[in-house]
Amino acid sequence: MRAAVCQLNGAGDVDHNVATALDLLARAAAEGAQLAVLPELFARYGSQHDMRAGAEPVGGPITTALAEASRRHAMWVVGGSVCEADAGRVYNTSLLLDPAGEIAARYRKIHLFDVDLPGQQPIRDSALFTPGAELVTHDVGELRLGLTICYDLRFPELYRGLMVAGATVLAVPSAFQAFTGRAHWQPLLRARAIEEQSYVLAADQWGPWGRPEAGHRTFGHSMIVDPWGTIIGEAAEEGDAVVVAELDPDEVRRVRSSLPALAHRRLGTVC
């Protein structure tokens, strides 16, 4: 299966961002991708006031546009994540759309990013989002996809749980901050791939977001990592991009067979 990760900047105008995302999906399809991943909060990444005001239920304009794109290209699409409004709450939600444009799976981000990074204003995801509580996987062709979002990357127990549930590919739509990205983005992605002997599809935002005085910037470097931990495709730090690579289920089986660490676990079925 050919898979793509799409990189864009989600600051600014929502209609422009959605149009950019749809263009990137079309580019991925033209390169033969059967599965494409967009970044976290690709349509609207800015102030909490704006994101709350623009939150919409599943089936709203943004998710409808994604469904139409997945159907048009007959392609699986991980819709990065969107601000999902549901019963008075807002969730950071990633949707998996099948090639017919139907919602195949929904994952609500479990780990919320509440940090104080040097040289910028604090980030408080928990002031806007309600955390999810469920691990989500779904079959995509011969592979099984595990859904995660950005800050989840720092919690290996989540990825072990997805592997136990059968995942052989791990999606990581992100808006990873540049300050931490320079030190941790690549090592964490490679570690998750190596630990779970799975492919990792990491679609990141790039560039500044929020008010200029806040000092916020995302890292770019969207990448695809294979089950041995080798980076098999990577975007630059700046600029919109589509990165495509081949995912081979036989490679997952080969790595897990030749280095059977997952079969040697001694601490229980979820460890």
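The values are calculated or read from the model by the stated rules, or taken from the named source; none is laboratory data. Predicted, not measured: the structure shown is a model, and the values here were computed from it. We place every Cβ from the backbone using ideal geometry, glycine too, and count neighbours over all the protein chains shown. Each accessible area value is taken on the protein alone, full model and side chains, heavy atoms only, with ligands, DNA and RNA left out. Shrake-Rupley method; radii C 1.70, N 1.55, O 1.52, S 1.80 Å.
Quick notes
- The set of residues in segment 165-190 that are surrounded by fewer than 18 Cβ atoms within 10 Å (Cβ to Cβ) and of a type in the set (A, V, I, L, M) comprises Ala165, Ala183.
- Per-region count, segment 215-231, residues closer than 27 Å to Asn9 by Cβ and over 17 Å from the mean Cα position of the chain (by Cα): 3
- Evaluation of Gly229 against the conditions (1) in a loop (DSSP other than H, G, I, E, B); (2) in contact with a strand residue (DSSP E or B) (Cβ under 8 Å, 6 or more places away or on another chain); (3) at positive phi shows that the sole unmet condition is (2).
Conditions (1) over 26 Å from Asp248 (Cβ atoms); (2) open to solvent by less than 30 Å² (accessible area, probe 1.4 Å), marked per residue:
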{"position": "Arg2", "(1), (2)": "no, no"}
{"position": "Asn9", "(1), (2)": "yes, no"}
{"position": "Leu35", "(1), (2)": "no, yes"}
{"position": "Ala43", "(1), (2)": "yes, yes"}
{"position": "Ala67", "(1), (2)": "yes, yes"}
{"position": "His73", "(1), (2)": "no, no"}
{"position": "Val78", "(1), (2)": "no, yes"}
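- Subset tally (residues that are more than 19 Å from Asp98 (Cβ to Cβ), open to solvent by 40 Å² or more (accessible area, probe 1.4 Å) and modelled with pLDDT of 95 or more) for segment 11-33: 7
- A count restricted to segment 30-78 and to residues that are over 19 Å from Arg217 (Cβ atoms) and among the polar types (S, T, N, Q) stands at 4.
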